[in-house]
Amino acid sequence: MSFKHKKKYGQNFLTDQNNVLDKIIEVSNPNKNEEILEIGPGEGALTELLLKKSKKVNCVEIDTDLEKILRKKFKNEKNFNLIMGDILEVDLNKFLVPNTKVIANIPYYITSPIINKLISHRDKINEIYLMVQKEVGERVCATSGKERSVLTLAVEFFGKGEYLFTIPKEFFTPPPKIDSGFISIKLHQDRKYEKQISEKVFFKYVKAAFSNKRKNIVNNLSTLKIPKDLIKENLEILGIAPNERAENITIDKFIELAKLFETK
Ligand code: SAM
């Protein structure tokens with residue numbers, strides 16, 4: 001009997017057509033010294049290739065109907081480790097080793113929480129390769145313009161995002177509604193932004209600046225109960241126009257701005 005895909009788990013499986021799986025392996029480049037974390041192995045199409053190319057593949061899968069299929073398929077693979085559970089609940093510290101690489105075609109309904117969780121384990125994870133919805137991938141990796149959001153800044157603060165390639169929806173079974181994008185996030189090993197400012201302070205200002213996309217930076221920052229005159233004064237020091245929008249402010253300027261507010 002063939003597997004019945006569940007919409008609630010975002011189950012759009014990659015089939016081994018059109019060399020997509022090979023392309024994922026080529027760009028993510030796993031090697032025999034590396035452990036991999038795969039979120040949502042599904043029926044194991046990508047897992048099969050990862051097992052051949054890496055030291056160990058730790059898979060986290062929520063759907064118990066897939067457990068039997070996966071255990072049977074990989075019963076002879078000693079480097080296959082299946083953890084049944086919800087990726088957002090599972091304690092990754094129990095099995096992740098330093099320098100783990102994440103390679104996954106994730107369930108799209110929890111893209112942001114997954115990215116945030118992976119970033120929070122940056123002591124063990126150094127590179128992340130993910131299949132996401134095309135628009136989300138473009139937003140995560142946007143270097144300028146309207147697509148930038150709090151998630152873009154979150155990725156930039158901890159790493160470097162790159163949009164690698166697009167995968168048409170027809171390459172999945174069943175096909176999702178929209179095309180997908182494959183992205184990478186290489187976490188900053190030198191912690192270059194974390195060294196400059198605390199995560200908490202940085203995101204306090206970033207979140208406020210993006211709180212209403214239609215409003216300018218002065219109005220958005222005033223939600224932090226900072227007097228508008230002081231906001232304008234600090235913006236002027238940094239050469240930012242008062243009617244500027246958060247999406248046009250670089251991470252370096254955000255850090256400078258947050259530091260100014262914290263000292264004044
Ligand atoms: N990797 C497979 C492939 O490329 O064919 C399947 C990808 S499918 C887009 C997403 C997978 O994530 C499914 O296997 C689904 O059951 C699993 N999944 C959904 N929600 C999950 C969660 N909260 N934790 C772990 N796995 C989950």
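Values as computed for the structure displayed
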| quantity | calculated |
| --- | --- |
| Residue check, residue 49 modelled with pLDDT of 95 or more, open to solvent by less than 10 Å² (accessible area, probe 1.4 Å) and either away from the ligand (no atom under 14 Å from the Cβ) or in the same structural domain as residue 128 (by TED's automatic domain parsing) (or both) | no |
| Residue list for segment 231-264, filter: surrounded by fewer than 16 Cβ atoms within 10 Å (Cβ to Cβ), in contact (Cβ under 8 Å) with a residue 60 or more places away in the chain and more than 26 Å from the chain's Cα centre (by Cα) | 262 |
| Among (1) in contact with a Lys or Arg (Cβ under 9 Å, 6 or more places away or on another chain); (2) at negative phi; (3) more than 13 Å from the ligand (Cβ to nearest atom) - the single one residue 25 does not satisfy | (3) |
| Qualifying residue in segment 181-195 (condition: open to solvent by less than 70 Å² (accessible area, probe 1.4 Å), part of a helix (DSSP H, G or I) and at negative phi) | no |
| Among the residues listed as 101, 72, 94, the single one being in the same structural domain as residue 11 (by TED's automatic domain parsing), more than 12 Å from the ligand (Cβ to nearest atom) and either closer than 21 Å to residue 29 by Cα or among the polar types (S, T, N, Q) (or both) | 101 |
| Per-region count, segment 196-210, residues in a helix (DSSP H, G or I) and open to solvent by 20 Å² or more (accessible area, probe 1.4 Å) | 6 |
| Residue in segment 219-230 that is farther than 30 Å from residue 14 by Cβ, assigned to a helix (DSSP H, G or I) and in contact (Cβ under 8 Å) with a residue 60 or more places away in the chain present | no |
| Criterion (modelled with pLDDT of 95 or more, of a type outside the set (Gly, Ala, Ser) and within 11 Å of the ligand (Cβ to nearest atom)) met by exactly one of 88, 153, 118 | 88 |
| Yes/no for residue 56 being open to solvent by 60 Å² or more (accessible area, probe 1.4 Å), more than 9 Å from the ligand (Cβ to nearest atom) and over 19 Å from residue 172 (Cα atoms) | yes |
| Residues of segment 7-45 that turn out to be open to solvent by 50 Å² or more (accessible area, probe 1.4 Å), closer than 22 Å to residue 99 by Cα and not in a helix (DSSP H, G or I), as a count | 4 |
| Subset of segment 59-113 [surrounded by 16 or more Cβ atoms within 10 Å (Cβ to Cβ), of a type outside the set (A, V, I, L, M) and within 18 Å of residue 185 (Cα to Cα)] | 100, 101, 105, 107, 108, 111 |
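The values are calculated or read from the model by the stated rules, or taken from the named source; none is laboratory data. Just so you know, these numbers come straight off a predicted model, no measurement behind them. Cβ coordinates were reconstructed from backbone atoms using ideal geometry, including for glycine residues, and neighbour counts include every protein chain displayed. SASA here: full protein model, heavy atoms, side chains in, ligands and nucleic acids out. Shrake-Rupley method; radii C 1.70, N 1.55, O 1.52, S 1.80 Å.
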